[in-house]
Amino acid sequence: MSRSLFLTLAALIAIGVGGIALLAPEVLLSSKGIHGNAPARVWVREVGAMLLAAGVTAWLVRAHEDSPTLRALLWGNALLQIGLLPIELIAHAQGVILHTMGVVPNTVLHVVLASGFVTYARAIRPRA
């Protein structure tokens, strides 16, 4: 898959999930077995705004040529995915997230996206 296609898909996923999280946080929370929790809705909205911004950024740079800036952006997105990866797994193990199927898709998605961001970041060689 080309980097441009990967970034396009990553952008669409982030914009979609971010938009839902920002505008309808209860949809995401209920898919995980969490209901009626006002503080959680606030934090899901915050994450939604962050994902929306990350998605728009990925969309805007999807066709850019290799550069140190693009490499940094890819590493930053890889770090975001790696950072998000264990959070729901730990919450599920602790009984905070009740539905396994509310965790599995995100876990797979974080692994796939992190792998893609790392792969494409490593492919851009730093300038000497």
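The values are calculated or read from the model by the stated rules, or taken from the named source; none is laboratory data. A quick note: this is a predicted structure, and the numbers were derived from the prediction, not measured. Reconstructed Cβ throughout: ideal geometry from the backbone, glycine too, with neighbour counts over all protein chains shown.
Structure notes:
- Any chance ARG125 is within 20 Å of SER2 (Cα to Cα), outside any helix (DSSP H, G or I) and not small (Gly, Ala, Ser): yes
- Residue among LEU70, LEU60 that alone is in contact with a His (Cβ under 9 Å, 6 or more places away or on another chain) and over 23 Å from MET101 (Cα atoms): LEU70
- Residues that are among the aromatic types (Phe, Trp, Tyr) and either over 30 Å from ARG127 (Cβ atoms) or in contact (Cβ under 8 Å) with a residue 60 or more places away in the chain (or both) are absent from the stretch 71-91.
- Residue within the stretch 46-64 that is over 17 Å from the mean Cα position of the chain (by Cα) and modelled with pLDDT under 95 present: no
- For the stretch 27-44, the tally of residues that are exposed (fewer than 15 other Cβ atoms within 10 Å of the Cβ) and in a helix (DSSP H, G or I) stands at 6.
- Pairs with Cβ under 6 Å, 6+ apart, first in the stretch 101-127 and within 13 Å of LEU73 (Cα to Cα), second of a type outside the set (A, V, I, L, M, F, W, C) and at pLDDT 95 or above: ALA114/GLN81; PHE117/ASN77; TYR120/ARG3; ALA121/ARG71; ILE124/ASP66; ILE124/ARG71
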